[in-house]
Amino acid sequence: MPKLTPKQKKFCLEYLVDLNATQAYLRTFKSVKSPNAAGVEAHKLLRNPKIITYLQSLQGKQQERTEITADMVIAELAKCGFANIEDYLDVDEDVGTVRCKGFGAMPKGASRAIQSIKEKRVICKTKNKSEDMILDSTFEFKLWDKVKSLQLLGEHLGIFTKRTQIITDSPLSKIVEEIEKER
């Protein structure tokens, strides 16, 4: 374990709270009032090899404690990214109705891609509250952001890295062409 000052250790612990280096610096070094100055200093700390080693150690221990693995995170993103609306809704095209499937009718784990289900009721009020009638009930059904999930998966897999394009009309390419013609 690298030797760190108590303030450096506190910064690392604060950083793990929200992974916001500026805020961690402000919480650790109370005398610093400027977020800009805190951001600059926090950035310097995050480049320090001793801090990096200590943070990696803390994150490893945190992962062991929580038993959360990279594979689990990727699997969860995949559930959201590859969610299929057919797994959640039944459409009766003859009548023109859409109904939400029960959780038991959904594929295993599909419900984890659901962000929210909200019911909106139209109620007919009566003098006796226990006799109020529901005239209409609709549901708002929302899945987690598919594009964001796929973006995070793509970034993890390196799919969206920038590629270098070779310009074919450069002087170098003309020289290569001439050499190949001579062969």
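Annotation note: of Lys33, Lys10, the sole residue that is over 25 Å from the mean Cα position of the chain (by Cα), of a type outside the set (Ser, Thr, Tyr) and modelled with pLDDT under 90 is Lys33. Can you say whether Lys44 is within 23 Å of the chain's Cα centre (by Cα), basic (Lys, Arg) and in a helix (DSSP H, G or I), as far as the supplied structure shows? No; evaluated as a whole, the condition is false for this residue.
The values are calculated or read from the model by the stated rules, or taken from the named source; none is laboratory data. Fair warning: this is a prediction, and the values are worked out from it, not measured in the lab.
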